[in-house]
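First up is the structure itself, then whatever we jot down about it.
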Amino acid sequence: LVSGDPEAALIALRELGGDDVGYARAIRLAALRRLDRWQGIVDGFSPPRNLDELAALSTALAELGEPDRALSVLETEGRALGLPEPSMRDLTAAVRAIGSLR
């Protein structure tokens, strides 16, 4: 991933196994983001386990043309994960902006 090849990072994670835990999960999310693999983010990080995953998931849903679902996820999962109100406002605005482009 650091070398600039997110596809190779995904392949390496698959070969090593255990890409759904700890640091490997974070690397997988970063690689999927860099590749704009929105459906992969939705499939692999729903429900989100932390705030970074929540941001990625809500963005991915908006990119896939589902801004209403993204806002719903932000509301429910954001509350469960303790998303601060300023971050909620920023993510909501981003989801709406992305949704308006689709």
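The values are calculated or read from the model by the stated rules, or taken from the named source; none is laboratory data. Please read these numbers as outputs of a predicted model, since none were measured by experiment. We place every Cβ from the backbone using ideal geometry, glycine too, and count neighbours over all the protein chains shown. In case anyone asks, the SASA skips ligands and DNA or RNA and just uses the protein heavy atoms, side chains included. Shrake-Rupley method; radii C 1.70, N 1.55, O 1.52, S 1.80 Å.
Computed over protein heavy atoms with a 1.4 Å probe, the accessible surface of the chain works out to 56 Å² per residue. Tell me, what % of the accessible area of the range 1-49 is carbon and sulfur with a 1.4 angstrom probe? The value for the range 1-49 is 55 percent carbon and sulfur by accessible area. In the chain, helical runs assigned H by DSSP with n ≥ 4 each contribute -39500 (n - 2.57); averaged across all residues and rounded to the nearest 500, the mean residue ellipticity at 222 nm is -23500 deg cm²/dmol. Among Val73, Val95, the sequence by solvent-accessible area, most first, with a 1.4 Å probe is Val73, Val95.
Look at the alpha carbon pairs under 8 Å that are at least 6 residues apart: their mean separation over the length of the chain gives a relative contact order of 21 percent.
Simple point charges give the picture: +1 on the Cβ of Lys and Arg, -1 on the Cβ of Asp and Glu, and for the chain a dipole about the Cα centre of about 100 debye. Helices meeting the span-like rule in the chain (full DSSP H runs, Cα extent of at least 27 Å along the helix axis, mean Kyte-Doolittle score of 1.6 or higher) are absent. Going through [x] 14.6; [y] 13.9; [z] 14.2, the figure that equals Kirkwood radius over Cα pairs in Å as computed for the structure here is [y]. Springs join every pair of Cα atoms under 10 Å in this Gaussian network model of the chain, and among Ala80, Ala70, Ala26 the largest mean-square fluctuation is at Ala80.
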